[in-house]
Amino acid sequence: MISQLLNTLYVQTQSAYVHLDHDTLVVEVDKTVRLQVPLHHLGGLAVFGNVLISPFLIHRFAEDGRSIVWFDQNGRFRARLVGPVSGNVLLRRAQHEAYEDPDRRAFLARRFVTGKIRNARHVLLRAMRDYPDVGSRVEAAARELENCLKEANRATDLEEIRGVEGRAAAVYFSVLDCLILNKDAAIRFEVRTKHPPRDPVNSLLSFAYTLLAHDCASACEGVGLDPQVGYLHALRPGRPALALDLMEEFRAFLADRLVLTILNRRQISEKDFIERPGGAVLLTDQARRTFLEAYQRRKQEEITHPLLRQQVPVGLLPHIQARLLARYLRQDAAEYAPFVAR
Amino acid sequence: MEELVPISALQHYVYCPRQCALIHVEQVWEENLYTLRGQRLHQTVDVPDSALRDGLRVERALPLWSEKLGIVGRADVVEFLPDGTPYPVDYKTGPRRARRADEVQLCAQALCLEEMLGRAVPSGALYHHASRRRREVRFTAELRAEVEKVVAEVRELLGNDRLPAPAADSRCRDCSLVEACMPHALRGLPAWLEREWK
Ligand code: SF4
């Protein structure tokens, strides 16, 4: 499977060979040319599993600042091309300065959390509108999220903000099961489990969040932000704290809604999961592929960005938000406002 | 030591000061149709060499500088007239709206040539790729004074590291940086926040 989304080319055909011919990228399978794309149409390349890339193409991508990401055949992130350090050193410095400033740090943490809560609430309100019999529990939860939102808006201290976020997440996840209209006994959600997920819904959510986290990290890199220096999430070696911050506003809107849709349409069902001894639940390769395709299709859908008042593909939203964030950090914009679905 | 100002920044600045800061401070370089076409065109003029054409000596990609003005850059093409007078030619791909900006840039090249070679450079030309026409530009006292003024303003802009507010006018339609700049969104941000977040 070879597909182009926005300006990223996804190559999933095993044993494909991708190379450079002058200013054109060429994909060959079994020594026959399957695709040729002029480089200037491409911002990035994502390859899955056994796909070879010629060194010259890698060099050229590094030089031009185009991205290459390697996934394994199941869509697990493996590696990413990093060219020479470049870009805006002033932006990276501003990013660190905002981290050192308790007020700006709390402001950003608050905005990420309020964005997250608003979008979570929106998922509940939408369900109430589309399926009037989802129940009064969902309505009560939506009201409770409203309270959390007020509290989050007032909170000035980082611990307090994280506290409200935790509470809001608990309220939201406590009614997520009501939104699964598929009544299969195996597809039920009780409580969020990670590391590892211990039921099918959790394993799907975890996979969706992984994809989203990588998109948010790429969005940060794309505008020259360091994905590791975040505000809401504590700094830890190896943790993409800023990507996780940025991801908060998209979790419900992009990941959760897609998981619900896929389960409700039975595109993925009980047979798509494997339970390992001890209780970890994994997705089959086929289910990963199904989800990945749905995710890519979703990213191509267009919506109106509320602030830009412009039609944009869903997949570009993290990039737009990363740019707005960079503008705030450089004190070019007075404030940062997260993306909020409507 | 005083910061050297790139000659290309002058043209960006005259078009829109924010564009200048986005490129030379923020290092944003978005590709759109114009810049891509421009790059391909520039590949042909970007290779340093000298040659004879119609009896004229022609220098391509000639390094330029002026210590007096504190500017550096490169000329696409400098022709030398039979009497040895340098004649800079700048290649343009975009729409022709940025006229004044192009003239300022060309004149800055001329000032460099005068200082480097010790010869008067009274005129040069802009070559428009779309129409394949040359337009001669005379380096009047007024244009020269404008170059000096612009150099001073650009030096200040690059020195204080801040972005000027977006123009958010008709210039943005032809600007290759419009996606990075977000001119209208940033203009509308305060009112939008007031409505949506307070
Ligand atoms: S988009 Fe408009 S305001 Fe922004 S740099 Fe370009 S011309 Fe200037």
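Brief remarks follow.
- B:D169-A:Q300 FRET efficiency (beta carbon distance; Förster radius 41 Å; 0.05 resolution): 0.80
- Placing A:D285, A:D184, B:D76 in order of accessible area, with the largest value first and a 1.4 Å probe, yields A:D285, A:D184, B:D76.
- Karplus (6.51, -1.76, 1.60) ³J(HN,Hα), θ = phi - 60°, over the stretch A:151-164, in Hz, Gly and Pro reported as x: 4, 4, 5, 8, 5, 10, 9, 4, 5, 4, 4, 5, x, 4
- Across all directions, the average projected area of the convex hull around the alpha carbons of the stretch A:245-342 is 8.1 nm².
- 32 Å Cα-Cα threshold exceeded, pairs from A:K150/A:K194; A:K31/A:K271; A:K150/A:K183: A:K31/A:K271; A:K150/A:K183
- Each listed q (0.18 Å⁻¹) maps to a log10 I(q)/I(0) for the stretch A:35-100, found by the Debye formula over equal Cα scatterers with no solvent: -0.78.
- For the stretch A:273-322, GluC sites (Glu not before Pro) meeting the loop criterion (DSSP other than H, G, I, E, B) and having at most 15 other Cβ atoms within 10 Å: A:E301.
- Panel note: the C-alpha atoms of the protein assembly as shown, placed on their principal axes, show extents of 92, 60, 40 Å (largest first).
- Backbone N atoms of the stretch A:155-192 closer than 19 Å to the 7 Å Cα→Cβ label point of A:N264 belong to residues A:172-190.
- Shown for the stretch A:134-220: the carbon plus sulfur share of the solvent-accessible area, taken with all protein chains present and a 1.4 angstrom probe, equals 55%.
- Sorting B:T140, B:T93 on solvent-accessible area from highest to lowest, probe radius 1.4 Å, gives B:T140, B:T93.
- Size descriptor, Kirkwood hydrodynamic radius, that averages inverse alpha-carbon separations across the stretch A:177-312, Å: 16.2 Å
- About its Cα centre, chain A has a charge dipole of approximately 360 debye under the convention of +1 per Lys or Arg Cβ and -1 per Asp or Glu Cβ, with nothing else charged.
- In straight-distance terms, cross-link reach from B:K68 covers every one of the lysines whose alpha-carbon lies under 20 Å from its own, apart from those fewer than eight places away in the same chain; here that gives B:K149.
- Accessible surface for A:H40 stands near 80 Å², nearest 10, in the context of the full protein assembly shown (1.4 Å probe).
- Buried solvent-accessible surface, both chains (B, A), 1.4 Å probe, Å² to nearest 100: 2300 Å²
- Each principal axis of the stretch A:246-301 carries a Cα extent, and these read 37, 22, 18 Å when sorted largest first.
- Per residue, the solvent-accessible area of the stretch B:50-198 (1.4 Å probe, heavy atoms of protein chains only, all protein chains present) comes to 51 Å².
- A:K271 contributes an accessible area of around 150 Å² to the protein surface, as traced by a 1.4 Å probe with all chains present.
- Dipole check for the stretch A:68-171: with +1 at the C-beta of Lys and Arg, -1 at the C-beta of Asp and Glu, and the Cα centre as origin, the magnitude is about 320 Debye.
- Per-pair calculated FRET efficiency, R0 = 25 Å: A:V33 and A:F56 via Cβ, rounded to 0.05: 0.90
The values are calculated or read from the model by the stated rules, or taken from the named source; none is laboratory data. As the structure is a prediction and not an experimental result, all values here were calculated from the model. Neighbour counts are summed over all protein chains in view; Cβ atoms, including those assigned to glycine, are modelled from backbone coordinates with ideal geometry. Accessible surface is based on the protein model in full, side chains and every heavy atom, while ligands, DNA and RNA are left aside. Shrake-Rupley method; radii C 1.70, N 1.55, O 1.52, S 1.80 Å.
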